[in-house]
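The values are calculated or read from the model by the stated rules, or taken from the named source; none is laboratory data. Nothing here was measured: the structure is a model prediction, and the numbers come from that model. Please note: Cβ atoms are built from the backbone with ideal geometry, for glycine as well, and neighbour counts cover all protein chains shown.
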Amino acid sequence: METVTGPADAAERVQAFAHRLVEFADYDKCVKYFTERQIDFDRANVMGWSVLMSVCACGRDDLVGFVADRTTAVNCATNANRTTVLHLTAMSKNTRVMEELVATAERKQKLQKVIDQPNVHGDTALMMACVAKNVRAVRLLLDLDARMDAVNASGLNALMCAARVGEDPRPGAPSIEEMMERSAVIVRILLAKGAEANVTEKAGGNTALHLAVLSENPDAVESLIKNAAQLDVTLRNKAEKTALDLSRQMSGVASAQMEDLLNSKWLQYEKEAAQMSAQVEQELMDLAVKEVENASNPKTCKKKNKKTKKKVKASEGTSMKSTTTHGTLDDANTEANEDVAFDIASRDSGNTKAVEEVALPGTDQAASNSYDHGLNDDDGDWRSVLPKKTQDDENESTTSAIPYDVLNGSFHRTFPVAAELEIDVEKFLIASSVSDRELEPNGSLSISQVEALQEAHWQAYHYLNEKKIKLTRVLEAQRVEAQFTLQQELMQLK
């Protein structure tokens, strides 16, 4: 009994035979069949293959142009692996196939739809070209702006695929030595286009350099070292191994070559690290010198002192107006109030006797004049000493005749550096000042007050020296710390 077949089945057989025909028929017979049978080039067979895919898989560079110009569905992919026409072309041993596929602007525009389309494993056409070491296909795909940073399911990118090498089991495939040479060329091309050399894959945390060593590909190792400007040979994989460690675990000529290359790179790293360490140390020294110069620069201090003096004068003027308004002192006392005054109890006197007015004759007078000369703003006569407060006075509330701002301002005018550092007068009277009453100013200075002022001067001097020493120590500590950090990095590199 004969089986009746309809037009649909006949058309299906015609389409199926077109895929078989490209495997053995010459160009003229294929074109004649395609034309007479009106082959639908956008129709895929039951396996998901288009006629263009079959032509490329068979390496028919003579038919590629004819079929490509009549095909719009370039995004067809196999049902099993989602392989596209670009995947097949990238893997083809015939480089003319890829050249014909992108020969015209119209064909290039069509292929833009699938330039980065991955297969079921996440591999792009560029990755497949790198695996097959198809240098020409790599160049053409990069001209179509194929992405180099795309990764497959294993985390491999195009550079990693190019760095690895292995035996090609296909008949007529190039030798392993030729594959290594092509691998080095592709690595150089990708790096020149901006491929990242230090990316790691998911499974073992290996970089392209690790993979090149593991596949015993010294050509790729050399190409990576020479062409990757930011190559980091110190990176370790998940097994805590550097590429140099892996090369030392192997034996043979290839491993020795790779070890020599990597050792040379390590020595270069150490030299650069030493130069960087010296540069950082010099910068820290220059910074320390600059800080010391700025701290001791009289021009800088003068500018700051002028600003401080203006603020003190403004504050002093306000305080003097307040004192005049209350009318608590006569004209002579008002002049004396502008001087530096400290009412500090003598350390050795614990009694409550009143100290009578004392005139300083002879040498004491000369000493007093020297103290008076040291106080730039002191125009009053300080030789008279006011009576000490009695025990009864301790319980009374007293009000200072000189406002604290005037007192502090006079101290800052006497010691401009103290004003610059915002050091107030009471900070230097720690020896004899034990109560608030002792800091109350009066219109004249006692001998103990002058002694306290002298002591304050020396304390200020030593305090400033300590500040300079502290700054120097901080800068030195920073320098030592930076040097230690660099030495630690060098030790890790070794």
Problem set entry | Residue count, region 160-194 (criterion: surrounded by fewer than 21 Cβ atoms within 10 Å (Cβ to Cβ), touching a residue at least 60 places away in the same chain (Cβ under 8 Å) and either within 15 Å of A254 (Cβ to Cβ) or small (G, A, S) (or both)) | 2
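Among the polar types (S, T, N, Q), crowded, with 16+ Cβ neighbours inside 10 Å and either under 36 Å from the mean Cα position of the chain (by Cα) or part of a loop (DSSP other than H, G, I, E, B) (or both) - does that describe any residue in region 122-131?
We begin by selecting, within region 122-131, every residue among the polar types (S, T, N, Q); these are 124.
Among the residues that remain, those that are also crowded, with 16+ Cβ neighbours inside 10 Å are: 124.
Retained after the next criterion (residues that are either under 36 Å from the mean Cα position of the chain (by Cα) or part of a loop (DSSP other than H, G, I, E, B) (or both)): 124.
Within region 122-131, one or more residues are among the polar types (S, T, N, Q), crowded, with 16+ Cβ neighbours inside 10 Å and either under 36 Å from the mean Cα position of the chain (by Cα) or part of a loop (DSSP other than H, G, I, E, B) (or both).
May I ask you to say which residue of R37, R43, R82 is surrounded by 13 or more Cβ atoms within 10 Å (Cβ to Cβ), modelled with pLDDT under 95 and closer than 22 Å to I115 by Cα? Steps first, answer last, please.
Numbers: R37 fails: closer than 22 Å to I115 by Cα; R82 fails: modelled with pLDDT under 95.
Every option except R43 fails the conditions.
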Exercise. Hey, any hits in region 206-229 for a residue that's under 24 Å from the mean Cα position of the chain (by Cα) and exposed (fewer than 15 other Cβ atoms within 10 Å of the Cβ)?
Worked result: yes
Exercise. Taking the condition of a type in the set (G, A, S) and over 17 Å from M128 (Cα atoms), does A228 pass?
Worked result: yes
For this session: Tell me which residues, restricted to region 14-43, are of a type in the set (D, E, K, R) and part of a helix (DSSP H, G or I).
Result: R20, D28, K29, K32, E36
Seminar exercise, completed: Of the residues in region 190-226, those that are in contact with a helix residue (DSSP H, G or I) (Cβ under 6 Å, 6 or more places away or on another chain) and among the β-branched types (V, I, T) come to V213, V221, I225
Exercise. Can you find a residue in region 178-200 that is part of a loop (DSSP other than H, G, I, E, B), of a type outside the set (S, T, N, Q) and either under 16 Å from A90 (Cβ atoms) or not assigned by TED's automatic domain parsing to the domain that holds M258 (or both)?
Worked result: no
Exercise. Among all residue pairs at least 6 apart or on different chains, which show Cβ distances below 6 Å where the first residue, located in region 69-94, is over 12 Å from S50 (Cβ atoms) and touching a residue at least 12 places away in the same chain (Cβ under 8 Å) and the second is β-branched (V, I, T) and outside any loop (DSSP other than H, G, I, E, B)?
Worked result: T89/V97
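Residue by residue through region 68-101, note down the ones that are among the basic types (K, R) and within 45 Å of the chain's Cα centre (by Cα).
Initially, region 68-101 is screened for residues among the basic types (K, R), giving 70, 82, 93, 96.
Correct list: R82 only.
State all residues of region 99-138 that are of a type in the set (D, E), under 28 Å from G172 (Cβ atoms) and free of Cβ contacts under 8 Å to residues at least 40 places away in the same chain; if no residue qualifies, say none.
Step one: of region 99-138, the residues of a type in the set (D, E) are 99-100, 106, 116, 123.
If we keep only those that are under 28 Å from G172 (Cβ atoms) as well, we get 99-100, 123.
Hits for region 99-138 are E100, D123.
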For this session: Return the residue satisfying two criteria in turn: it lies in region 108-121 and is surrounded by fewer than 18 Cβ atoms within 10 Å (Cβ to Cβ) and either of a type in the set (K, R) or in contact with a Lys or Arg (Cβ under 7 Å, 6 or more places away or on another chain) (or both), and of such residues it is nearest to K193 (Cα to Cα).
Result: D116
